[in-house]
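A short write-up of the structure that comes next.
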Amino acid sequence: MADNTNTGSGTGAGTGTGAGTGTGTGTGAGTGAGSSPGASRRALLLAAGTAGAAAVLAGACAAPATTRPTAGQPSAPPPPPPPTTAGTTTAPACVLAVRAGAGPYYLDVGLIRSDITQGRDGVPLRLDLTVVRVPDGCRPLAAAGVEVWHADAAGNYSTGKDTFLRGTQITDRTGRCVFHTIVPGWYAGLAPHIHFKVRPDTHTETTSQFFFPEDLLTKVYTRPPYTRRTPPAHPNTRDSRYRAAGTTMTLPLTPHDNGYHATYTIGIT
């Protein structure tokens with residue numbers, strides 16, 4: 001099944017790197033993006049330089065409790081922040097992000113966990129995220145719910161009672177959280193992607209999605225278990241959504257253990 005995603009437009013860049021493990025089963029197909037259940041708000045991407053990205057890698061939020069998160073909207077990082085004088089801090093620039101819907105395979109399961117693999121095989125991906133409040137000088141936002149979900153290596157989503165590759169984290173006092181997952185597989189003519197929501201409170205939420213560099217995907221898809229299917233020659237460029245939003249929403253990844261590590265700063269209004 002294909003996504004029916006509404007996208008906006010924007011400019012900017014993300015940052016990234018990854019790894020993960022777990023246990024479970026399930027089937028599904030496709031991901032999507034129609035309108036998100038809550039009123040989507042405009043997301044803004046935080047610009048982050050190399051130094052800023054390094055700082056993002058340090059933090060992780062994890063809470064093994066089964067509590068529901070809160071709601072918001074995402075963003076990524078372009079050019080480095082302007083220079084600062086001794087003893088002062090200058091907030092980096094922020095740019096408008098692209099919005100996307102939740103798709104037909106969103107499940108409101110409320111699982112608070114950092115490792116979402118649940119037994120699904122694939123190339124490990126560690127996803128480090130930081131949420132900031134743009135109107136408040138791009139300051140880190142604590143206690144925000146960040147939820148992610150995506151397809152497995154075969155392009156299937158968990159459905160029904162299955163919950164693999166789904167989970168929520170609550171940001172710590174520095175606005176950070178970490179997910180351990182795998183690089184998603186391809187399906188239905190769409191660019192491989194990871195859906196995510198940010199909920200800064202119980203009344204608002206933002207939904208969007210991350211893409212991956214195409215050259216990295218072609219390398220990943222030469223490794224098991226992705227080799228059980230013949231991948232498309234161009235997994236990204238065949239998708240009009242990627243062509244419209246890829247510049248802003250693509251995760252730059254770096255090698256990490258046997259997989260990859262991605263970092264991304266999400267700015268919300």
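Here are some notes:
- Selected residue (criterion: surrounded by the most Cβ atoms within 10 Å (Cβ to Cβ)) from residues of region 164-177 that are closer than 29 Å to Ser240 by Cα and of a type outside the set (Ser, Thr, Tyr): Leu165
- Those residues of region 187-198 which are surrounded by fewer than 24 Cβ atoms within 10 Å (Cβ to Cβ) and part of a loop (DSSP other than H, G, I, E, B), in sequence order: Ala188, Gly189
- Listed by first and then second residue, the pairs linking a residue in region 193-213 that is farther than 30 Å from Thr237 by Cβ to a residue that is surrounded by fewer than 24 Cβ atoms within 10 Å (Cβ to Cβ) and of a type in the set (S, T, N, Q), with Cβ atoms under 6 Å apart and 6 or more places separating them unless they lie on different chains, are Arg199/Thr70; Pro200/Thr70; Asp201/Thr70; Thr202/Thr70.
- Every residue from region 217-269 that is open to solvent by 20 Å² or more (accessible area, probe 1.4 Å), aliphatic (A, V, I, L, M) and touching a residue at least 40 places away in the same chain (Cβ under 8 Å): Ala244, Leu253
- All of Asp152, Asp128 fail the test of being acidic (Asp, Glu), under 17 Å from the mean Cα position of the chain (by Cα) and not in a loop (DSSP other than H, G, I, E, B), apart from Asp128.
Yes/no per residue for (1) touching a helix residue (DSSP H, G or I) at 6+ places or on another chain (Cβ under 9 Å); (2) of a type in the set (A, V, I, L, M, F, W, C); (3) modelled with pLDDT of 50 or more:
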position: Arg68; (1), (2), (3): no, no, no
position: Val132; (1), (2), (3): no, yes, yes
position: Asp136; (1), (2), (3): no, no, yes
position: Val146; (1), (2), (3): no, yes, yes
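- Every pair of residues 6+ apart whose Cβ atoms lie under 6 Å, when the first sits in region 104-127 and is farther than 15 Å from His193 by Cα and among the small types (Gly, Ala, Ser) while the second is open to solvent by 50 Å² or more (accessible area, probe 1.4 Å) and not in a strand (DSSP E or B): Gly110/Arg68; Ser114/Ala62; Gly119/Thr23
- Close Cβ contacts (under 6 Å, 6 or more residues apart or on different chains) running from residues in region 153-164 that are among the acidic types (Asp, Glu) to residues that are crowded, with 19+ Cβ neighbours inside 10 Å and part of a loop (DSSP other than H, G, I, E, B) comprise Asp162/Gly26.
- Check on Asp115, over 17 Å from the mean Cα position of the chain (by Cα), open to solvent by 10 Å² or more (accessible area, probe 1.4 Å) and at pLDDT 95 or above: no
- Residue that is farthest from Arg229 (Cα to Cα), among those in region 166-184 that are among the charged types (D, E, K, R) and part of a strand (DSSP E or B): Arg176
- Selection of region 139-168 for residues being more than 14 Å from Ser114 (Cα to Cα) and of a type in the set (Lys, Arg) yields Arg139, Lys161.
- Every condition in (1) under 22 Å from His203 (Cα atoms); (2) more than 17 Å from the chain's Cα centre (by Cα) is met by Arg166 except one, and the failing one is (2).
- Any chance Ala51 is in a helix (DSSP H, G or I), surrounded by fewer than 24 Cβ atoms within 10 Å (Cβ to Cβ) and modelled with pLDDT under 95: yes
The values are calculated or read from the model by the stated rules, or taken from the named source; none is laboratory data. Just so it is clear, the model here is predicted, and its values are computed rather than measured. Neighbour counts are summed over all protein chains in view; Cβ atoms, including those assigned to glycine, are modelled from backbone coordinates with ideal geometry. We work out accessible area using only protein heavy atoms, side chains counted, and drop any ligands, DNA or RNA first. Shrake-Rupley method; radii C 1.70, N 1.55, O 1.52, S 1.80 Å.
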